[in-house]
Amino acid sequence: MRPSTSAGPRRTIVWSLRILFVVVVFGGWILANATGSISPIILPQLGAVLSESIELLRESEVWAAAGITVFEMIAGFGIAAVAGLLVGFVLSRKPLRSAIFEKLLAWGYIFPISLVYPLFLIWAGVGLPSKILFAAASAFFPIAYNTMKGLSAVPVRYLKVGQAFGASAQATDWHIRAGASRPMILSGLRLGVSMATVSVVLAEMLGANAGLGFMAQQASSQFQIPKAYAVVLILVVITSLLLWLMETLLRDPNEKLKK
Amino acid sequence: MLPNRTVRETKETKMISHLNVENLEIRYNVNAAEPAITGVNLEIKQGEFVTVIGPSGCGKSTLLHAMGGMLSPSSGGIYLDGIEMARPDPRQAAFVFQDYSLFPWKKVVDNVAMGLRFAGEDKKVALEKARAELGFVGLADKADKYPGELSGGMQQRVAVARALALKPKFLLMDEPFGALDEQTRRSLGQELTQILHDAGQSVVLITHSLEEAIFWADRIVVMKAGPGEISKEIVVDEPWPRSLEFMTTARFDDLRAELFHRIQPTTASEAK
Amino acid sequence: MVKAPRKLPAARLDPSALARKAALYRTLLVIGFFVLWEVLANIGAIDERSASKPTAILAAFGEMFAGNTDTYQALSDTLYVLVIAFIIAVAIGMPLGLALALNATIREAYMSIVIYLLGIPKTIFLPLFVLFFGLGNGSAIAFGAVLGFLQITVNVVAGVDSIEPRFFRVASAFGGSKWHSFVHVILPGAAPAIFAGLWHGVRNAFIGVLIAQMFVSNIGIGYLVKVYTNNFNIDSAMVLIIISAVAVILLGTLWELGEARLTKWKSTVRS
């Protein structure tokens, strides 16, 4: 907020703090292993987790599971994006319509949807469709809500420019409404991505027969603890990459200027 | 300085266009006790630089919006060469708004090309014309930036280029420099009005600055409030190009004194 | 000849009339949804056994609250776990958020870690929570607290950031100490955002608790929903789902009203 110390020493402090964090986390881990203060059934050897991870990455089983997980995330998000954009667009066309549905969509978003996953298992079985539909259902609400809000809250002054410069109805939609609402729609899509990933991982752990979440849950319930940690680690890396990729794709080109 | 530019086509065309305001009255609300403006008669010839000044609430902005076809008259009418301006047509009369209203999600060049594309111009041609117009206002190198990366003064130049890109017969400017700081306001205002004048561009400009109203005008339209009416038209016959020295002349002082007294709110209701 | 002026593209609708009309239609829509559900279930278009129907849910509601103590037990267990999780979340989230917001060095070092943790799906770590905190309430409390505190931290930072620097300048120009500017500028300035942050904290803690209960626990709403569904007792599962939904929505609405009160001064400053 306020520049306090000069840049040089501050960079050193910042980096020391970062290194300190890493040292505390991994040092604590190693120390706990060495002294045996935390049972290896809870916290396995750091080395064992790393070698297990490398071992796992050599097996095609993990890659197949990762493929399934990523596919479910992308498919769920894709369905939600198409449905959410469409519904948001249609609802934004009339002020009354958006006033009616604004609350309903917001409620859909704050509703703890994970409670409903067991029902999805009954409706769509234990395979991929239940995961994809569940992810789509979770991601739909923020996308539809933001699309509707963004499109129906275009500042009047932009519409006035369109009128003054003779924009047709289609040109107003395409050049003005779409542009003015773009930051909000993109942020809805980014929320959707995060909802879809959360939901897929949860669904795979609660009831599945494939995917990385399923593998992690299996390993931990069978007390293959290093393997459970290794799968969690792989899952963290893969979802982080996916989130980073989607964030990059869904970033507004002029968003950086807003800061 | 700015690159030279050939005189705008509008000046070469043989027939001189006229924008006529005839007995115009506008009520925002049919039941309102008082119309926003009433009984306004005004003729603007192509090539003229007209400034409009008046106290707050005198309806200058309403008049300008009506001249651009943005508001329909309650009675009377706006005619361009005898044809009623029923709706906005930026090729006849194009706007420059006070708050710039550039689209922050479009690059500068796309903002300038926007009006041309709305008018059905091919994208490539529109972009070429837009770049040329940006050169005209001295911003050729900012074409691929976003508006948010430009200063307020530059953004207003872009808004001027956006309007000029359509080669409008009349340029309608609504307090275009009102949001800028004093320094920028003066230098940008002087520079832009000079090049608009040199290009023979007809301009109707609203301002609340006495100096701007006098310095730039071929003719000053003074309005009064309650209801909004034209109280006087003053011709400023100072030759162009005008130097800043003009501001130090007795003639300028007289004009300023006259305007000052005319736009002082005389009653409490006008003061608000 | 008097014509109505052409409309500028501003919305000319009376906002309160529109809101009332929308509320009416919204109520009708929700009622219509339940009626349609009932009718479709009765004509067999949807399978009552897997999707239940409103009248069956109502009947189950009566039963569950009349004879059966499981329901009360699950509700009170969940509320207890949620309250503990939320208290922990506030106890960690508030000081951490203030530290990140007020100290540039700490922020530069650790803010990106918080943002990263906020972004990735925490459900990934569920199996590890179970290892550390066991099968009972521990996992639910811990998972709820983690989800909650991250939200609170980020909102506190955003709240302090939203205070305009000129207020700080005024505070120091009038000789305010750091403590003064904390009490008179930072706390009131950030209060609305912190208040909103607490709501996100509660909501996420609740989600975390429910998820953990479904995943490992043998008590609470999450656990019961899973068990009922697995036993094809969809009616009872629906009762708990609807109770949770209504509770969250009611709490959210109340919070919104509170927030509107807290931010009242903002609109008067701006206009």
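The values are calculated or read from the model by the stated rules, or taken from the named source; none is laboratory data. This is a predicted model, so every value here is computed, not measured. So basically every Cβ, Gly included, is an ideal-geometry build from the backbone, and we count neighbours across all protein chains shown. These accessible areas exclude ligands, DNA and RNA; they are computed on the full protein's heavy atoms, side chains included. Shrake-Rupley method; radii C 1.70, N 1.55, O 1.52, S 1.80 Å.
Of note:
- Any chance residue C:143 is touching a residue at least 40 places away in the same chain (Cβ under 8 Å), part of a helix (DSSP H, G or I), crowded, with 23+ Cβ neighbours inside 10 Å and touching a Phe, Trp or Tyr at 6+ places or on another chain (Cβ under 9 Å): yes
- Any hit, segment C:92-115, residues being away from chain A (no Cβ under 13 Å) and in contact with a Gly (Cβ under 7 Å, 6 or more places away or on another chain): yes
- Residues of segment A:198-225 classified as under 10 Å from the mean Cα position of the chain (by Cα) and open to solvent by 30 Å² or more (accessible area, probe 1.4 Å), total: 1
- Condition broken by residue B:109, with the remaining ones in (1) β-branched (Val, Ile, Thr); (2) in a helix (DSSP H, G or I); (3) at pLDDT 90 or above; (4) touching a Ser or Thr at 6+ places or on another chain (Cβ under 9 Å) satisfied: (4)
- Residue C:138 satisfies every condition listed in (1) closer than 21 Å to residue C:90 by Cα; (2) in contact with a helix residue (DSSP H, G or I) (Cβ under 6 Å, 6 or more places away or on another chain); (3) not aromatic (Phe, Trp, Tyr) except (2).
- Residues in segment C:199-211 that are facing another protein chain (nearest Cβ under 10 Å) and either closer than 22 Å to residue C:132 by Cβ or hydroxyl-bearing (Ser, Thr, Tyr) (or both): C:204, C:206, C:207, C:208, C:209, C:210, C:211.
- Set A:113, A:68, A:100: member being among the aliphatic types (A, V, I, L, M) and under 16 Å from the mean Cα position of the chain (by Cα): A:113
- Within segment A:161-175, the set of residues being at the interface with chain B (Cβ under 7 Å from one of its Cβ atoms) and part of a helix (DSSP H, G or I) comprises A:161, A:163, A:164, A:171, A:175.
- Identity of the residue in segment C:245-260, open to solvent by 70 Å² or more (accessible area, probe 1.4 Å) and over 21 Å from residue A:116 (Cβ atoms), that ends up nearest to the other protein chains (Cβ to nearest Cβ): C:256
- On inspection, residue C:90 does not qualify as farther than 27 Å from residue A:241 by Cα and open to solvent by less than 30 Å² (accessible area, probe 1.4 Å).
- Residues that are crowded, with 19+ Cβ neighbours inside 10 Å, more than 23 Å from residue C:206 (Cβ to Cβ) and of a type in the set (Gly, Ala, Ser) within segment A:86-129 comprise A:88, A:92, A:98, A:99, listed in sequence order.
One line per residue, one yes/no per condition, for (1) within 17 Å of residue A:231 (Cα to Cα); (2) in contact with a Leu (Cβ under 7 Å, 6 or more places away or on another chain):
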position: A:18; (1), (2): no, no
position: A:27; (1), (2): no, no
position: A:30; (1), (2): no, yes
position: A:39; (1), (2): no, no
position: A:52; (1), (2): yes, no
position: A:57; (1), (2): yes, no
position: A:72; (1), (2): no, yes
position: A:77; (1), (2): no, no
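- Considering B:53, B:26, the condition of being at pLDDT 85 or above, crowded, with 19+ Cβ neighbours inside 10 Å, hydrophobic (A, V, I, L, M, F, W, C) and not assigned by the TED database to the domain that holds residue B:188 is satisfied by B:26 alone.
- One residue stands out in segment A:92-133 among those that are in contact (Cβ under 8 Å) with a residue 60 or more places away in the chain and hydrophobic (A, V, I, L, M, F, W, C): the one that is farthest from residue A:208 (Cα to Cα), namely A:113.
- Out of B:178, B:120, one residue alone is surrounded by fewer than 22 Cβ atoms within 10 Å (Cβ to Cβ), touching a His at 6+ places or on another chain (Cβ under 8 Å) and assigned to a loop (DSSP other than H, G, I, E, B). It is B:178.
- Failed condition for residue C:136, given (1) touching a Phe, Trp or Tyr at 6+ places or on another chain (Cβ under 9 Å); (2) within 22 Å of residue A:219 (Cβ to Cβ); (3) more than 12 Å from chain A (Cβ to nearest Cβ): (1)
- Selected residue (only one of C:84, C:88, C:46, C:57 is assigned to a helix (DSSP H, G or I) and closer than 18 Å to residue C:238 by Cβ): C:57
- Those residues of segment B:123-138 which are part of a helix (DSSP H, G or I) and open to solvent by less than 50 Å² (accessible area, probe 1.4 Å), in sequence order: B:126, B:127, B:130, B:133, B:134, B:135, B:136
- Which listed residue is under 19 Å from residue A:196 (Cα atoms), at pLDDT below 95 and of a type in the set (A, V, I, L, M, F, W, C), from A:75, A:65: A:65
- Filter pass, residue C:185 being closer than 30 Å to residue C:60 by Cβ and either open to solvent by less than 60 Å² (accessible area, probe 1.4 Å) or within 9 Å of chain A (Cβ to nearest Cβ) (or both): no
- Remark: residue A:135 falls outside the filter, which requires a residue to be within 13 Å of another protein chain (Cβ to nearest Cβ) and surrounded by fewer than 21 Cβ atoms within 10 Å (Cβ to Cβ).
- Scan of segment A:44-67 for residues that are open to solvent by less than 50 Å² (accessible area, probe 1.4 Å) and touching a residue at least 60 places away in the same chain (Cβ under 8 Å), ordered by number: A:44, A:48, A:49, A:53, A:56, A:62, A:65, A:66
- Filter pass, residue B:42 being in contact (Cβ under 8 Å) with a residue 40 or more places away in the chain and surrounded by 20 or more Cβ atoms within 10 Å (Cβ to Cβ): no
- Of everything listed in (1) part of a helix (DSSP H, G or I); (2) open to solvent by less than 10 Å² (accessible area, probe 1.4 Å), the single unmet condition for residue B:173 is (1).
- Only a single criterion out of (1) under 19 Å from residue B:164 (Cβ atoms); (2) of a type outside the set (Asp, Glu); (3) buried (at least 16 other Cβ atoms within 10 Å of the Cβ); (4) within 14 Å of chain A (Cβ to nearest Cβ) is not satisfied by residue B:91, namely (3).
Conditions tested, residue by residue: (1) under 30 Å from residue A:121 (Cα atoms); (2) surrounded by 24 or more Cβ atoms within 10 Å (Cβ to Cβ).
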site: A:166; (1), (2): no, no
site: A:179; (1), (2): no, no
site: A:184; (1), (2): no, no
site: A:196; (1), (2): yes, yes
site: A:227; (1), (2): yes, no
site: A:248; (1), (2): no, no
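- The set of residues in segment C:227-239 that are surrounded by 24 or more Cβ atoms within 10 Å (Cβ to Cβ) and within 8 Å of chain A (Cβ to nearest Cβ) comprises C:229, C:234, C:237.
- Conditions (1) surrounded by 20 or more Cβ atoms within 10 Å (Cβ to Cβ); (2) within 14 Å of another protein chain (Cβ to nearest Cβ); (3) not in a loop (DSSP other than H, G, I, E, B): number failed by residue B:148: (1)
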